[in-house]
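Comments concern the structure below.
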Amino acid sequence: MSPSSTATSSPAPSSPTAPSSATAPGSSLTAARRRDELARTVGGPAVDVLVVGLGATGAGAALDAAARGLTVVAVDAHDLAFGTSRWSSKLIHGGLRYLASAQLDVAHESARERGILMERSAPHLVRAQPFVLPLTPLVSRGQAALAWAGFRAGDTLRLAARTGRATLPAPRRLSAAETRRLAPALRGDGLRGGLLSWDGRVTDDARLVTAVARTAAAHGARILTRVRALELTRSGARVRDELTGEEGEIRARAVINASGVWAGGLVDGVRIRPSRGTHLVLRSERLGTLPAGLHIPIPGETNRFVLVLPQGDGRTYVGLTDEPVGDDIPDTPEAPETDIGFLLDVLGSALDIPVHRDDVVGAFAGLRPLLDTTPAAGSGAPARTSDISRRHAVLTSPDGVITVVGGKLTTYRRMAEDAVDAAVTAHRLSARPSPTASLPLIGAAPPRLLTALAAPRRLIRRYGTEAPAVHALSARDPYLAEPVLPGHPVTRAELLWAVRHEGALDSADLLDRRTRIGLVPADRATALEIAEELLREAGTTG
């Protein structure tokens, strides 16, 4: 069947907020819904809360506020998860690295939030990931003992956070043979064994943000992408529709600035010190089968590792760096050759299989929005960005704008809750306590129910309870069942679903955020025509 006929075989909702029978009521984000809600919002009555930024924290703040019964508008100059939230290692950390620097509160918060995501909020998107730390000749026995003590302490964090053993297995020691079975690419010479540990891993960080934003929409929040905040004030913001160029005002009783590395450009006095984290993208066949991820110690460092992260989609990520960047913050950071060379060198220290520059089929870099708390110029050398605390901060400007910065993907929910708490207190809003610690996201269900769904396992891990509806699009139409490009599992049905329910407005939304095809430039070029064809046939306009 042609794309024209498939695009009309299952009509989009007749009104912007009408739900599909396969989705939670009010959760579908569409071009029509955006257009309608934008027209009602700009120049309209004041809402309780305006959130600026639709990364994980901003989407989380929109959900938190809406779930408390407040009226909410959330805007982003680009798309859902356009900034830092889509450039992570896809890990939901339990806080182990923060124990090493004595940040006990951050460690416990991370472990607690990991458990909430894995057992309540998003068990369809976040699951346990095994990691092997190989005990190579470069790892001394003292370093191995320290790492083992750390993994045991991390398991104590799991227990303190009340995360079940069935969710996260216990760490254990591995023989050299077991280590090679889990990581065949490792160099065997001098290998003494390994240490097996577990942490949380999200199927796709951008998909997590999309689920949070759609859940916020189901609670009544207006989620408006391509709306740039030009100026924030006590009573709202001056904004511009990036699709039409039209400007106007959104009035709000409270404003939350969750724009990440760009936060300082909207509120005076907020100093951000971005740190760049770079990842490589390799074809999975280059390293062979990897049943587990790898922690490869960085030579000369006692508590830093390069991670090898198999993705299950024919790709493997290798990361990450932690380098300071200047004041010029681009929309899409580039991965410099120095970072790429560093990561390849660390790989070469442990792997039997040589990985060369031309094996790197893609690379991406994200900027961590770290709060700059360094002394004034001349009062001492600034700390390394890797040493800056990952605690988040909620700041209130003199005119009442709430800014939330710092933190990490794992703790987005707590950051959002704290930001909304501050807004409620500062502006005396009438709101219920936050319910998000026990609130399932779109697609969430207990694992025993997810495994019973009539859909491929890969779709269940990306869509949860909506997987059968996505699969049904393919079952009804052979055209939609075809992959978007050879050798990659994403189907055309998934692109159509993203247009109908996930707010995708253009090919970049489809290829770079609703799917991760665009991480490999050659794959993106191959898939671009199909993405644009589906958008045309679906009649998507802003």
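At-a-glance table
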{"item": "Near pairs, Cβ below 9 angstrom, 6+ apart or cross-chain, from segment 173-190 (in contact (Cβ under 8 Å) with a residue 24 or more places away in the chain and under 21 Å from residue 145 (Cα atoms)) to any residue that is in a helix (DSSP H, G or I) and of a type outside the set (A, V, I, L, M)", "result": "173/148; 174/181; 186/179; 186/180; 188/180"}
{"item": "Helices (runs of 4 or more DSSP H) lying entirely in segment 454-542 (those with 2 or more residues that are in contact with a Leu (Cβ under 6 Å, 6 or more places away or on another chain) and buried (at least 16 other Cβ atoms within 10 Å of the Cβ))", "result": "467-476, 492-501, 521-538"}
{"item": "Within segment 408-447, tally of residues that are at positive phi and of a type in the set (D, E, K, R)", "result": "1"}
{"item": "Residue count for segment 444-466, restricted to those that are without any contact (Cβ under 8 Å) to a residue 60 or more places away in the chain and touching a Gly at 6+ places or on another chain (Cβ under 9 Å)", "result": "1"}
{"item": "Hits in segment 118-164 - residues which are in a loop (DSSP other than H, G, I, E, B), among the charged types (D, E, K, R) and either more than 25 Å from the chain's Cα centre (by Cα) or outside the structural domain of residue 195 (by TED's automatic domain parsing) (or both)", "result": "none"}
{"item": "Residue that is surrounded by the fewest Cβ atoms within 10 Å (Cβ to Cβ) [pool: residues in segment 311-334 that are under 16 Å from residue 278 (Cα atoms) and without any contact (Cβ under 8 Å) to a residue 40 or more places away in the chain]", "result": "326"}
{"item": "Identity of the residue in segment 390-429, polar (S, T, N, Q) and either assigned to a strand (DSSP E or B) or without any contact (Cβ under 8 Å) to a residue 24 or more places away in the chain (or both), that ends up surrounded by the fewest Cβ atoms within 10 Å (Cβ to Cβ)", "result": "425"}
{"item": "Verdict on residue 264 being over 30 Å from residue 180 (Cβ atoms) and either assigned to a helix (DSSP H, G or I) or in contact (Cβ under 8 Å) with a residue 40 or more places away in the chain (or both)", "result": "yes"}
{"item": "Residue tally, condition of a type in the set (S, T, N, Q) and surrounded by 24 or more Cβ atoms within 10 Å (Cβ to Cβ), over segment 37-83", "result": "1"}
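The values are calculated or read from the model by the stated rules, or taken from the named source; none is laboratory data. The model shown is predicted, which means the values in this text are computed figures rather than measured ones. A quick note on method: Cβ atoms are made from the backbone with ideal geometry, for glycine too, and the neighbour counts reach across all protein chains shown.
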